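Structure, as structure tokens:
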Amino acid sequence: METRIFHPDRDANTIEEAAAIIRSGGLLGIPTETVYGLGADALNEEAVAGIFRAKGRPQDNPLIIHVPSAAWLERYCVSVPDSAYALAERFWPGPLTMILPRRDNVPLRTTGGLETVGVRCPDNPVTRAIIEASGVPVAAPSGNTSGRPSPTTAAHMLEDMDGKIDAIVDGGPCQVGVESTIVDLTVTPPRLLRPGGLPLEALRDVLGQVAVDRAVTEKLGEGERPRAPGMKYRHYAPQAPVTVVTGHAGRSAAWIRDRLAPGDGVICFDEFAPLFAGHAVHRLGPMGDSSAQARHVFDALRTFDGTGVERIYAQCPDDAGLGLAVGNRLRKAAGFHTVNAEPPVVIGLTGPTGAGKTRALHALERLDGLILDCDALYHRMLRTDGALRADLTDAFGDVLTAEGVDRMKLGGLVFADPAAMDRLNRIIFTHIPRAVLAEIAAATAPIVGIDAINLFESGLDRLCCRTVGLLAPPEVRLRRIMARDGITEEYARLRIAAQKGDDYYREHCTDILVNDAASAAEFENKAYAFFCHMMEEIRNNKEESDHE
Ligand code: TXA
Ligand code: MG
């Protein structure tokens, strides 16, 4: 089929001819303020099937229906809450889709089998006039082939749909550039399913509390079902793999520049484009202007295709305003492959044996923390670190082996001789912090947890923003050590007695975490909450000092 292009400013009959296409069950590209849509009569199952075919869209992914005003809500939805009218009053026509209970005249084929339907009133007068003239709601997903970036010009849409649909109405470039915000009003509190052209802050202004679906910020696990079925599919992805770099714009730009290889492309804020001269660069817009970034994000993702670029690095705005939607589209394009350019928050962990350090470390890992096990690091360095090995030979003579150090021999030299022990410690406490610093500098995780028994003696505490002492009641530790290491009570008591007492940790650490939980899993949750709270405090302090 030949795909016609209507120019509403030139072709006087656009509205009638376009409405006739919808009424006859055809497929029509429609301009909206967000992105171009692939429209058809939402009540006509055959026409709706055509949308799925043209896009190559999975059948279970529901379509949004487009209406000319809130007056049509009752025709296609039941139990419409007051909040829907309050939102429509304030934000329609505009980039907001509301999920409401479906009236049974809306076919299940349109709603992907769901008992709810997404409704939106687009802010484009020509498109609203076409819907009004056709007399039916228009189902319209974004007008791209499934998986590709959404089209924000008629030319983009033609790229994907030429020959597959009847016509495209060319309304010029879209003013918003990312799809509508989707809010589910069938649950309490209302839930943001997809961030989009209407900021979350504006929704909260009207609705009060709004929950944010996990699919907005995280990659879902295998088999997990998001509430907006479309959020589970790989999306917006250019052919080359994308890495999203978060953090302060200056730092993310420097991070990217340090790693850029020939053949790499960059999506960056306008201010930083000169840093990447000689590479394929697409600008998102000025770094403080998330509305401009929303207009450019799909164009940037789309136009790398066919250029031979092998990897794409993208700067990413923070979550304020439209930044949440821009960041979400970039992350989805990257399959949520994200790195953080900010220097990580370094947290030291120490405490006596048997207090539950492993579980506390798991909790830090759940916050995307990188754990540096200093004991393991030391043993690796004994094998591989030339400077450490040279110092040990200087001080103790022939104690090295290919696998590290001859422990018996070194032990024999230092255990009976406090001065020699002192010398050994001084060597270790010079080299370990050097290696830890290098690991911190190379880390892309937001948090680094330093796991060190000698956190203070080694001076590693000086690299930490907070130091946490993990304590547990002695009887609890006793039982745990006996079970874990299969030793007698007597021997376990000796081990505990040989360690530093709780007072030492209370005196030295900035924070104390007590493991008094009934089970290991319960303690891990307690530790998780503890570290979440700590990170919040650290962030707030940082914001304060950034503003000074
Ligand atoms: O801005 C927009 O919303 C554009 C323009 C054309 O209006 N349309 C659009 O449609 O982005 P589409 O199909 O690309 O994305 C619709 C999203 C999908 O993730 C879908 O799963 C979700 O909305 N959705 C639709 N109906 C739903 C429902 N009843 N419940 C939950 N999610 C729904
Ligand atoms: Mg889409």
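Within region 148-171, take every residue that is open to solvent by less than 20 Å² (accessible area, probe 1.4 Å), in a loop (DSSP other than H, G, I, E, B) and more than 10 Å from ligand 2 (Cβ to nearest atom) and give me the one that is farthest from Phe298 (Cα to Cα). Of everything passing the filter in region 148-171, Ile165 is farthest from Phe298 (Cα to Cα). Checking each residue in region 524-547 for being surrounded by 12 or more Cβ atoms within 10 Å (Cβ to Cβ) and either of a type in the set (Ser, Thr, Tyr) or in contact with a Lys or Arg (Cβ under 8 Å, 6 or more places away or on another chain) (or both) picks out Glu524, Ala527, Tyr528, Met534, Ile538.
Among Gly265, Gly288, which is the only one that is surrounded by fewer than 22 Cβ atoms within 10 Å (Cβ to Cβ), over 19 Å from the mean Cα position of the chain (by Cα), modelled with pLDDT of 90 or more and among the small types (Gly, Ala, Ser)? Quick ask: steps written out before the conclusion?
Working: Gly265 fails: surrounded by fewer than 22 Cβ atoms within 10 Å (Cβ to Cβ).
Matching residue, one of Gly265, Gly288: Gly288.
Answer yes or no as to whether Glu115 is within 23 Å of Ala325 (Cβ to Cβ) and open to solvent by 60 Å² or more (accessible area, probe 1.4 Å). Spell out the reasoning first.
Values: within 23 Å of Ala325 (Cβ to Cβ): no; open to solvent by 60 Å² or more (accessible area, probe 1.4 Å): yes.
Against the criterion (within 23 Å of Ala325 (Cβ to Cβ) and open to solvent by 60 Å² or more (accessible area, probe 1.4 Å)), Glu115 does not qualify.
For region 353-379, a tally of residues being in contact with a helix residue (DSSP H, G or I) (Cβ under 7 Å, 6 or more places away or on another chain) and either open to solvent by less than 60 Å² (accessible area, probe 1.4 Å) or among the hydroxyl-bearing types (Ser, Thr, Tyr) (or both) returns 13.
Would you confirm whether or not region 142-149 contains a residue that is of a type outside the set (A, V, I, L, M), under 23 Å from Ala70 (Cα atoms) and within 13 Å of ligand 1 (Cβ to nearest atom)? Steps first, please.
Filtering region 142-149 down to residues of a type outside the set (A, V, I, L, M) leaves 142-149.
Now restrict to residues that are under 23 Å from Ala70 (Cα atoms): 142.
Still in the running and within 13 Å of ligand 1 (Cβ to nearest atom): 142.
Scanning region 142-149, I find at least one residue that is of a type outside the set (A, V, I, L, M), under 23 Å from Ala70 (Cα atoms) and within 13 Å of ligand 1 (Cβ to nearest atom), so the answer is yes.
Go through the residues of region 312-327 one by one and say whether even a single one is over 18 Å from the mean Cα position of the chain (by Cα) and open to solvent by 20 Å² or more (accessible area, probe 1.4 Å). No, region 312-327 has no match at all.
You will find that of Thr188, Thr181, Thr145, the residue that is assigned by TED's automatic domain parsing to the domain that holds Ala84, more than 14 Å from ligand 2 (Cβ to nearest atom) and of a type in the set (S, T, N, Q) is Thr188 and no other. Restricting attention to region 496-537, the residues that are modelled with pLDDT under 95 and of a type in the set (Lys, Arg) add up to 1.
Checking each residue of region 197-212 against the condition of being closer than 18 Å to Ala334 by Cβ and either open to solvent by less than 20 Å² (accessible area, probe 1.4 Å) or within 15 Å of ligand 1 (Cβ to nearest atom) (or both) gives no match.
Do we find a residue being more than 16 Å from ligand 1 (Cβ to nearest atom) and acidic (Asp, Glu) anywhere in region 223-240? Lay out the reasoning, then the answer.
Step one: filter region 223-240 for residues more than 16 Å from ligand 1 (Cβ to nearest atom), giving 223, 238-240.
Retained after the next criterion (residues that are acidic (Asp, Glu)): none.
No, the conditions are met nowhere in region 223-240.
Suppose the filter is open to solvent by 30 Å² or more (accessible area, probe 1.4 Å), assigned to a helix (DSSP H, G or I) and modelled with pLDDT under 95; does Asp258 pass it? For Asp258, the condition - open to solvent by 30 Å² or more (accessible area, probe 1.4 Å), assigned to a helix (DSSP H, G or I) and modelled with pLDDT under 95 - is met.
Looking only at region 414-465, filter to residues that are of a type in the set (Val, Ile, Thr) and over 25 Å from Val339 (Cβ atoms); which one of those is surrounded by the fewest Cβ atoms within 10 Å (Cβ to Cβ)?
Within region 414-465, the first condition is being of a type in the set (Val, Ile, Thr), and the residues that meet it are 414, 427-428, 430, 432, 436, 440, 444, 447-448, 450, 453.
Filter once more, keeping what is over 25 Å from Val339 (Cβ atoms): 414, 427-428, 430, 432, 453.
Details: Val414: 18, Ile427: 18, Ile428: 20, Thr430: 14, Ile432: 24, Ile453: 16.
Among those residues, the one meeting the criterion is Thr430.
Only a single criterion out of (1) open to solvent by less than 10 Å² (accessible area, probe 1.4 Å); (2) within 30 Å of Asp305 (Cα to Cα) is not satisfied by Leu382, namely (2).
For region 101-113, the tally of residues that are out of contact with any strand residue (DSSP E or B) (no Cβ under 7 Å at 6 or more places or on another chain) and either within 16 Å of ligand 2 (Cβ to nearest atom) or touching a residue at least 24 places away in the same chain (Cβ under 8 Å) (or both) stands at 5.
The values are calculated or read from the model by the stated rules, or taken from the named source; none is laboratory data. This one's a predicted model, so the numbers in the text were calculated from it and none came from an experiment. Methodologically, a virtual Cβ is constructed for each residue, glycine included, from the backbone with ideal geometry; neighbour enumeration extends over all protein chains shown. What goes into the accessible areas is simple: the full protein's heavy atoms, side chains included, and nothing from ligands, DNA or RNA. Shrake-Rupley method; radii C 1.70, N 1.55, O 1.52, S 1.80 Å.
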